[in-house]
Every structure is written in structure tokens, then in C-alpha cells.
Amino acid sequence: MAAISLKDVVKRYGTGPKVNQVIHGVNAEVADGEFIVIVGPSGCGKSTLLRMVAGLEEISGGTISIGGRVVNDLEPAERDIAMVFQNYALYPHMTVFDNMAYGLKIAKLSKDEIKTRVDKAAKILELGHLLARKPRELSGGQRQRVAMGRAIVRQPQVFLFDEPLSNLDAKLRAQTRLEIQKLHRELGITSLFVTHDQVEAMTLAQRMIVMNGGVMEQFGTPEEVYHRPASTFVASFIGSPPMNLLKHAPGVRAGTLLGIRPEHLDIVEAGTPGAWAATVDTVELLGAERLIYCHLGEDALIVRAEEGLHAPQPDAILHVRPRGERLHTFDAATGKRI
């Protein structure tokens, strides 16, 4: 196991006037044994950052250290990392056992050591009854577990996951998230996990890096990122539905945006001090809760309510009061938290 240090990490493609910088000076310190999720929309640089840690992309500036050793100029095989990709990359002609054992055979480990490692990983991942099967005989979730098993048997210092769940259906993604959490608790290996899915990020991360346009917008625990977003980008990207960002709500100063999560708006009676009068556009029923889409003057406003509430009709006036301790303010020009 090992800590990971990113200092002023930069990635550029091309030179001169045609240079394209895609990673802008990322700084992050990952503790030994920590599970970090790198999250952001497509094209934000999250996979590029992971591939630089892996050694699959050269860095253009800064330093990357693993276990106190600068790895900028080391080949991937010299970095003591194991990577799990979006596509499982299993050998179709090999059994599950041979797929998991292949890297160990290349490393010339003894047959007994190989069997011990594969059997241990198979037990952790509940693959013991599948070791004689070929990949074509497995489900997508089972193939992904084999890919993780292949990484586990190497006993690396660091696990790197690049969108490993994106090929699975929703039910399997949820199940595999639980398996990854269990895996990390058992092995305690430092892990970087890339995803565009904020649910995966919130449920898996001990801390998370939120990327936007090659910039690290925020690095913190899921609770910190959700409850104290560092920017309007983080506020609108993390959370479903996203935080309401209001320009024209009562009391908003010029040049400032007011933020409030949909669940932090209480539905109240008309005339309640501090209440806002919003006009209902539509209501979305979601089983145990409902989302009420409104407009407050020129601002769109979403209110989350429990199922017991009588659903208001379109064009009805809904009186809501924001919880004062849950209000956020952002600079309208920069998007940064005030």
C-alpha cells in the first residue's frame, strides 16, 4: 500500500500556438489506504489524470509520487499499480482461473503461490464456482469481478479503476458498488476510481475530486462536497436534482447567486415570514417523494417533498421557506463560493 501525491500536475497536447492544455495544475494528497473517486462530466480530464498516474500518459509538468517515490519517468509495470478498465479485457480462450493467473505466470511465480493468490481473490469475489468457465459463459457482472480479481492477485500498492461499472445495467452497478466497498474494507489498498456517475462517487468515495475542464474544482468528503460546494459547478453537478441557483430571489444581492438544495425548502402557509411564493410548473412523482418544478420570477426552482403531501396543480402558488442555515452564496462572475 502507498500514498499518492499529485503536485502541480499538468497535461498538454501539441506545442507552440497550437498547444492544448487539458489538465491545469492538479494538487492532491491521497493517504495510504484511502479510496478516492475522481468525478466529472465527459471531457473534464478525469481519465487523463488517472492514466497519468498509471503511466499510460506522459505528464507535461509537475510530479506524481507513489509511496514516496516520484514515478514521472517510470513505465506502468514499474509503478506497482493494477488497473481495472471499462472493458473487461479478458482473454476469451482462457478460463477464469487462467485469466486471473496470467500476470502471475508472466512474473514467474510458483504454481503454488499462483493458486493461493487466485483462490483467495476468488473467495473474496465469490468466483470460486466459476474458475473453470470461459468469459463467454459469464454475465457482465461476473466478468467485471474477474477483471477485479486479476488486479487483486497482483497485490499492488495502488488500484486504479477507469469507469469499471459503466457497461453494467443499473441493478448490477448497485450490486457491484457494494462489492467494491467490501473489497476495499478487506484489502485496504489505496484506490483511485474514475466515474461520471455522481451516485457512484457519493456512495464509494472516502474523499472525492470533482473535475471540470481539467481543473480540480473541489477535493473533499462526499458530505463536504454536497453540503459546502466550492463553486456553482460543484453545486449543480453533485446532487440529483441539483442545487437551485437563484439570481432574483428575495434578498439576493447584485453580483451574487443564492443556492439552496431542493430538500431544504419547506412548504408553508401563505403569509409565513420569510416565505417565497413560487408558481408550480409540473410535479414528478418518485414513489416515496415528489419533485415540484416551479418558477420564482425568472428563476427555476425545484422543491423536494415527501409522498404525503397533496400534489399541487400546475399554475398553483406554492409558498416555500428556505432554511437559513442551508443557504449558499456564490460570486456570479467567478462561480466561486463566497
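The values are calculated or read from the model by the stated rules, or taken from the named source; none is laboratory data. Because the structure is a prediction, the values reported are computed rather than measured. Neighbour counts run over all protein chains shown; Cβ positions are idealised from the backbone, glycine included. To get the accessible areas, we keep the full protein, side chains included, count just its heavy atoms, and leave off ligands, DNA and RNA. Shrake-Rupley method; radii C 1.70, N 1.55, O 1.52, S 1.80 Å.
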*Counting Lys and Arg as +1 and Asp and Glu as -1, what is the net charge of the other residues whose Cβ lies under 13 Å from the Cβ of residue 209?*
-2
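Within a Cβ distance under 14 Å of residue 3, other residues only, what is the Lys/Arg minus Asp/Glu net charge?
0
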*Mind checking the per residue accessible area of segment 126-283 for me, 1.4 Å probe, whole number of Å²?*
42 Å²
*Rounded to the nearest 10 Å², what accessible area does residue 307 show when all protein chains are kept and the probe is 1.4 Å?*
110 Å²
*Could you tell me the largest-minus-smallest coordinate of the C-alpha atoms of the chain on each of the three principal axes, in descending order and whole angstroms?*
78, 51, 33
*Which ³J(HN,Hα) values, rounded to whole Hz and listed in residue order, are derived for segment 14-24 from phi using the Karplus coefficients 6.51, -1.76 and 1.60 in 6.51 cos²θ - 1.76 cosθ + 1.60 with θ = phi - 60°, glycine and proline given as x?*
x, 9, x, x, 9, 5, 10, 8, 10, 10, 10
*Report the residue, chosen from 46, 108, 247, that carries the largest GNM mean-square fluctuation when the chain is represented by alpha-carbon nodes joined by springs under 10 Å.*
108
*In whole percent, how big is the carbon plus sulfur part of the accessible area of the chain, probe 1.4 Å, protein atoms only?*
51 percent
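Of 46/182; 105/182; 120/182; 111/182; 134/182, which sit over 18 Å apart, Cα to Cα?
On the way: 46/182 24 Å; 105/182 27 Å; 120/182 15 Å; 111/182 28 Å; 134/182 25 Å.
Flagged as over cut-off: 46/182; 105/182; 111/182; 134/182.
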*asked:* Can you work out the Karplus-derived ³J(HN,Hα) for every residue in segment 263-280? Use 6.51 cos²θ - 1.76 cosθ + 1.60 with θ = phi - 60°, whole Hz, and x for glycine or proline.
replied: 7, 9, 10, 9, 7, 10, 6, 4, x, 5, x, x, 7, 9, 9, 10, 9, 6
*Any chance you could get the radius of gyration and Dmax over the Cα atoms of segment 95-206, in Å?*
14.0, 42
*As a check on your grasp of the helix formula, calculate [θ] at 222 nm for the chain: sum -39500 (n - 2.57) over DSSP H runs of n ≥ 4, divide by the residue count, round to the nearest 500.*
-7500 deg cm²/dmol
*Output the Cα-based Rg and Dmax of segment 63-119 in Å, rounding Rg to one decimal and Dmax to a whole number.*
14.4, 40
*In whole Hz, what ³J(HN,Hα) sequence does segment 250-255 give by Karplus (6.51, -1.76, 1.60; θ = phi - 60°), x for Gly and Pro?*
x, x, 6, 7, 4, x
*residue 58: accessible area at probe 1.4 Å, nearest 10 Å²?*
150 Å²
_List the residues, sorted by chain then number, that are 5 or more residues from residue 276 or on another chain and whose placed amide H is less than 5 Å from its amide H._
320, 321
_Acute angle (nearest 10 degrees) that the helix 140-152 long axis makes with the longest principal axis of the chain, alpha-carbon atoms_ = 60 degrees
*Set Lys and Arg Cβ to +1 and Asp and Glu Cβ to -1, take the dipole of segment 1-158 about its Cα centre, and tell me which of 152, 122, 135 lies farthest positive.*
135
*Which angle between 0 and 90 degrees, to the nearest 10, do you get for helix 111-124 versus the longest principal axis of the chain when only C-alpha atoms count?*
20 degrees
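Kindly state, to the nearest 0.05, the FRET efficiency for residue 115 paired with residue 187, given R0 = 25 Å and r defined as their beta-carbon distance.
On the way: r = 19 Å, r/R0 = 0.76.
The calculated FRET efficiency here is 0.85.
Tally Lys/Arg at +1 and Asp/Glu at -1 over every other residue whose Cβ is under 9 Å from the Cβ of residue 48; what's the total? Before the final figure, lay out the partial values.
Values: positive: 11, 46, 51; negative: 57.
Net of charged neighbours comes to +2.
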*asked:* If I fit a long axis through the Cα atoms of helix 96-106 and take the longest principal axis of the Cα atoms of the chain, what angle between them do I get, 0 to 90°, rounded to 10?
replied: 60 degrees
_Contact order relative to length of the chain, as percent, for alpha carbon pairs under 8 angstrom and 6 or more apart_ = 17 percent
_Give me the tail of P(r) for segment 20-173 as a percent: Cα-Cα pairs with distance above 27 Å._
30 percent
